[in-house]
Amino acid sequence: MSNAREAPITEKGHVVTTYSLRILCVGNFGRKSAFRCFYNIDHKLANGFIRNGHNVVCFSDRDHAREATVFGSQKLGKKKMAEKLLEIAKNYKPHLVLFGHCDLFGDELYLRMKELLPDVRLATFCVDAVFRTKTMESFARRAAHCDAAFITTADKAQLAKLGIPLDKLHFMPNPVDPSVETARVFDRPLDEFEWDGQFLGTGIGKREEQLNFISSELPNDYRFRSGGRAFGSDRIEGMDFLECLTDAPVSPNLPLDDTDPSLMPYLYSSDRIAQLLGQGVTTLVPKAAGLSDLYGEGVVEYASREELVECMARLKTDDEMRRKIGQVGQQIARDITGVEEVARYIVSQTLSPHEMKRQWFAGN
């Protein structure tokens with residue numbers, strides 16, 4: 001990287017080389033939806049790169065494809081969109097191009113990118129679960145052209161099925177961004193909340209079955225609500241979503257199916273885990289996913305639906321414990337999985353994979 005400025009710094013007792021880079025982030029930046037998902041991982045990672053001293057250009061592939069034709073069609077506009085991306089790359093000459101969930105590009109785009117910029121490094125990330133076959137096939141196709149690939153699952157047995165060389169495949173936790181998740185729910189006593197606990201998310205899989213069990217087994221005086229498309233409720237977006245997360249001090253991070261261990265891969269969670277912990281919500285997680293290996297005492301693990309209900313009821317009667325766990329959870333999430341740390345890791349593993357080996361977890 002001859003055009004990068006190199007400066008050694010000391011971090012946590014180790015000498016780490018950092019670079020001022022030009023980074024081109026390609027992903028879903030949501031202009032069409034008026035940035036209703038400004039808290040998604042694409043936006044967060046761009047923030048992290050900038051705070052680490054890099055220059056960042058964001059390219060919203062789906063928006064560019066729709067805008068490339070009068071019909072507003074991604075399919076019809078994807079060729080022009082790819083040409084526009086290459087034009088930007090030619091002008092910007094990025095050191096690193098990071099692709100999010102980009103499924104509109106064919107192999108040719110990556111080949112032409114490398115022909116245009118022989119020294120460029122390419123990376124991609126995926127935040128979906130490994131049991132989503134179509135998404136994993138798209139991720140593997142992108143990864144085949146990239147120097148590094150990052151995924152929010154650390155289950156080696158399941159990752160081995162993707163066909164991506166393990167030396168280029170890295171676990172990436174869902175990043176927390178303190179400029180996005182700004183609340184401190186643990187600062188508020190229980191009597192200030194409208195609800196004692198809640199779950200915001202879709203009702204797909206066996207989610208509604210889990211929610212029905214929770215509602216029926218909690219004490220009669222426990223105020224619990226579900227929303228965010230579960231049971232036909234409205235989708236909650238934008239700042240309204242982040243604010244709704246703070247309406248209750250406790251939330252379970254429910255898997256799609258709590259009866260099938262294969263659907264709870266090691267360390268996997270949707271980005272809900274970062275949103276809850278980032279807002280200071282005391283979060284309960286299924287033990288099968290092993291998330292305490294990452295978040296330690298900042299989460300409450302449960303092994304069954306019955307234990308989940310018991311934990312939720314106990315947290316209502318012991319508000320001091322609830323507040324302590326919520327505060328620890330936010331601190332751990334910010335320290336260990338903060339977006340600057342995650343962004344730094346992506347750069348390090350893509351440009352100099354042997355330079356800094358960051359470990360978020362032990363085992364598996």
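What relative contact order, as a whole-number percentage, does the range 127-267 give when Cα pairs under 8 Å and 6 or more residues apart are counted?
Values: 159 pairs, mean separation 38.2, N = 141.
The value is 27 percent.
Name the longest site-free stretch of the chain, where the excluded sites are GluC sites (Glu not before Pro) in a DSSP loop with no more than 13 other beta-carbon atoms within 10 Å.
On the way: sites that count: GLU194, GLU355.
Free of exposed loop sites, the longest segment is 1-193.
Is the range 224-344 rounded, prolate or oblate when judged by the Cα gyration tensor, a ≥ b ≥ c being the square roots of its eigenvalues, rounded requiring a/c under 1.5 and prolate requiring a/b larger than b/c? Write down the numbers at each step before the final one.
Values: a/c = 1.12, a/b = 1.05, b/c = 1.06.
Judged from the Cα gyration tensor, the range 224-344 comes out rounded (a/c under 1.5).
Taking a ≥ b ≥ c as the square roots of the eigenvalues of the Cα gyration tensor of the range 36-89, is the shape rounded (a/c under 1.5), prolate (a/b larger than b/c) or oblate? All intermediate terms of the calculation are to be shown ahead of the outcome.
Details: a/c = 4.28, a/b = 1.79, b/c = 2.39.
Cα axes put the range 36-89 in the oblate bin.
Expressed in whole Å with the largest first, what are the equivalent ellipsoid semi-axes of the range 84-128 derived from the C-alpha gyration tensor as the square root of 5 times each eigenvalue? List each step's numbers first, then the result.
On the way: eigenvalues 65, 28, 19 Å².
For the range 84-128, the semi-axes come out at 18, 12, 10 Å.
Of the listed peptides 119-128, 32-41, what is their order by residue-averaged count of other C-beta atoms within 10 Å, with the highest listed first?
Details: 119-128: 21.5, 32-41: 16.7.
Descending mean neighbour count gives 119-128, 32-41.
Angle, helix 74-92 long axis vs. longest principal axis of the chain, Cα atoms, 0 to 90°, nearest 10?
Around 60 degrees separate the two axes.
Calculated from DSSP H runs of 4 or more alone, at -39500 (n - 2.57) each and per residue, what is the 222 nm mean residue ellipticity of the chain, nearest 500?
Calculated at 222 nm, the ellipticity per residue is -11000 deg cm²/dmol.
Which value, in Å² and to the nearest 10, is the accessible area of ASP191 when all protein chains are kept and the probe is 1.4 Å?
130
Let me check against my output: what whole-number percent is the relative contact order of the chain, with C-alpha pairs under 8 Å and at least 6 apart? Write down the numbers at each step before the final one.
Values: 667 pairs, mean separation 59.5, N = 364.
Worked out over the chain, it gives 16 percent.
To test your reading of the geometry: what angle, between 0 and 90 degrees and rounded to tens, separates the Cα axis of helix 319-337 from the longest principal axis of the chain?
For helix 319-337, the angle is close to 10 degrees.
Roughly how many Å is it from the Cα centre of the range 264-331 to that of the range 170-247, as a whole number?
12
Give the cross-link partners of LYS168 among the aspartates and glutamates, using a straight C-alpha distance below 12 Å as the criterion and excluding same-chain residues fewer than 8 apart.
ASP147
Using a 1.4 Å probe and counting only protein heavy atoms, arrange LYS114, LYS168 so the residue with the most accessible area comes first.
Details: LYS114 80, LYS168 35 Å².
My answer, sorted largest first, is LYS114, LYS168.
Using a 1.4 Å probe and counting only protein heavy atoms, arrange SER226, SER179, SER60 so the residue with the most accessible area comes first.
Working: SER226 45, SER179 70, SER60 5 Å².
Ranking SER226, SER179, SER60 by accessible area, largest first, yields SER179, SER226, SER60.
With the contact rule set at Cα under 8 Å and sequence spacing of 6 or more, what percent relative contact order holds for the range 22-170? All intermediate terms of the calculation are to be shown ahead of the outcome.
Details: 226 pairs, mean separation 29.4, N = 149.
Dividing the mean separation by the residue count of the range 22-170 yields 20 percent.
How would ARG141, ARG322 rank on accessible area, largest to smallest, probe 1.4 Å?
Descending order: ARG141, ARG322.
Angle, helix 207-217 long axis vs. longest principal axis of the chain, Cα atoms, 0 to 90°, nearest 10?
20
For the chain, take the convex hull of the Cα atoms, compute a quarter of its surface area, and give me that in nm², please.
Mean orientational projected area (the chain, Cα hull): 18.3 nm².
The values are calculated or read from the model by the stated rules, or taken from the named source; none is laboratory data. Note that the structure is predicted; figures quoted are calculated from it, not measured. Cβ atoms come from the backbone with ideal geometry, glycine included; neighbour counts cover every protein chain shown. Please note that ligands, DNA and RNA were not included when accessible areas were found on the heavy atoms of the full protein model with its side chains. Shrake-Rupley method; radii C 1.70, N 1.55, O 1.52, S 1.80 Å.
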